[in-house]
Amino acid sequence: MKKSLLLLTALMALMLVSCDNKEKKVREFATNFATKVLDNDVRQLRMMIPGVDRVDSFSLDGYAADKVVIEKQDDGYNVKLTDNRSMVVKEDEQGNLKVDATFGIVSFDPDLFDFAVRTGWIDQYMDDATIADLLADYEFKEFMVDRITKELRSKVTVTGGAAGGSSFHGIGVTVHNRTDYDIPGDAYKVLYRTIYWAFPEDNQTITFEGVDLPARSSKSMSGSKRGVGEATETSIRLQFDEEWLPTLCLQIYKANGHEYEDWKKGNLK
């Protein structure tokens, strides 16, 4: 009986040592991995993480080696590197550790990521490789940006003309937002062109910087021109910031959560 107890104790001690050694090995592996992320060693990380060969940016904000938590699972280890970044580590047939999946390690464009979550394009809890693969489907993004852009161009309009006054130089414009989106002033400007046939030296283009436009609202702006009285010809044009416009569309869009599914089925026009 005593020999059996001693043998059992010895076996338990060996198992504990083995577990400790394996956890130490996993911790060293995690430290090495974290170093590569902090150095943004893209080449090595692409080889270590399956399915991210087209990714070129990684992050590990808030990482501290002594805060890493390792949890044993049935077929590997869950390694929590920070509060919201982790990876699954497994052993191959030769006993070498490898990354099976990462979560929150790949840096995605935050506006695109948020838009993708809101439209059901991705689930924020998916692993990085799955998200990267889904976001590579740029046709959906281009479709949605084009769709939103068309709505902005047709429903955000401007009117205006001479504003009168004793100097006869006054002009005013009113921007109308008939969409359900709040549009920041930095996203657009208004160009007011005046042409005087008899006095070409007074021809000019006046620029009104945009003002914030809440959904379903109108905002007026006033200014002055060189020429006196009514111009022979006038034109008023609202101009969006073309470089920012695609990102603006992603930021302001109010999603219902199943746009991506509807688009895949051909039900989104």
Suppose we filter region 19-52 for residues that are assigned to a helix (DSSP H, G or I) and either out of contact with any helix residue (DSSP H, G or I) (no Cβ under 8 Å at 6 or more places or on another chain) or aliphatic (A, V, I, L, M) (or both); how many remain? 23
So which residues in region 99-125 are closer than 15 Å to HIS258 by Cα, part of a loop (DSSP other than H, G, I, E, B) and not hydroxyl-bearing (Ser, Thr, Tyr)? GLY120, TRP121, ILE122, ASP123, GLN124
Tabulated pairs, region 66-91, first farther than 18 Å from THR130 by Cα and of a type in the set (Gly, Ala, Ser), second in a strand (DSSP E or B) and open to solvent by 30 Å² or more (accessible area, probe 1.4 Å), C-beta under 6 angstrom, 6+ apart or interchain: GLY76/LYS90
From the list GLN239, GLN251, exactly one residue is modelled with pLDDT of 85 or more, open to solvent by 50 Å² or more (accessible area, probe 1.4 Å) and either acidic (Asp, Glu) or in a strand (DSSP E or B) (or both). Which is it? GLN239
Go through (1) of a type outside the set (A, V, I, L, M, F, W, C); (2) surrounded by 17 or more Cβ atoms within 10 Å (Cβ to Cβ); (3) within 13 Å of the chain's Cα centre (by Cα) one by one and return the number of the condition ARG85 breaks. (3)
Kindly evaluate THR102 against the criterion of being modelled with pLDDT of 95 or more and either surrounded by 18 or more Cβ atoms within 10 Å (Cβ to Cβ) or over 28 Å from the mean Cα position of the chain (by Cα) (or both). yes
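Could you list, in sequence order, the residues of region 160-178 that are open to solvent by 60 Å² or more (accessible area, probe 1.4 Å) and at pLDDT below 90?
ALA163, SER166, SER167, PHE168
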Flagged in region 52-78 as closer than 17 Å to ASP127 by Cα and open to solvent by less than 50 Å² (accessible area, probe 1.4 Å), in numbering order, are VAL52, VAL55, SER57, PHE58, SER59, LEU60, GLY76, TYR77, ASN78
Specify the residue that is surrounded by the most Cβ atoms within 10 Å (Cβ to Cβ); the eligible residues are those in region 126-145 that are without any contact (Cβ under 8 Å) to a residue 24 or more places away in the chain and in a helix (DSSP H, G or I). LEU134
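The values are calculated or read from the model by the stated rules, or taken from the named source; none is laboratory data. Note that the structure is predicted; figures quoted are calculated from it, not measured. Reconstructed Cβ throughout: ideal geometry from the backbone, glycine too, with neighbour counts over all protein chains shown. Please note that ligands, DNA and RNA were not included when accessible areas were found on the heavy atoms of the full protein model with its side chains. Shrake-Rupley method; radii C 1.70, N 1.55, O 1.52, S 1.80 Å.
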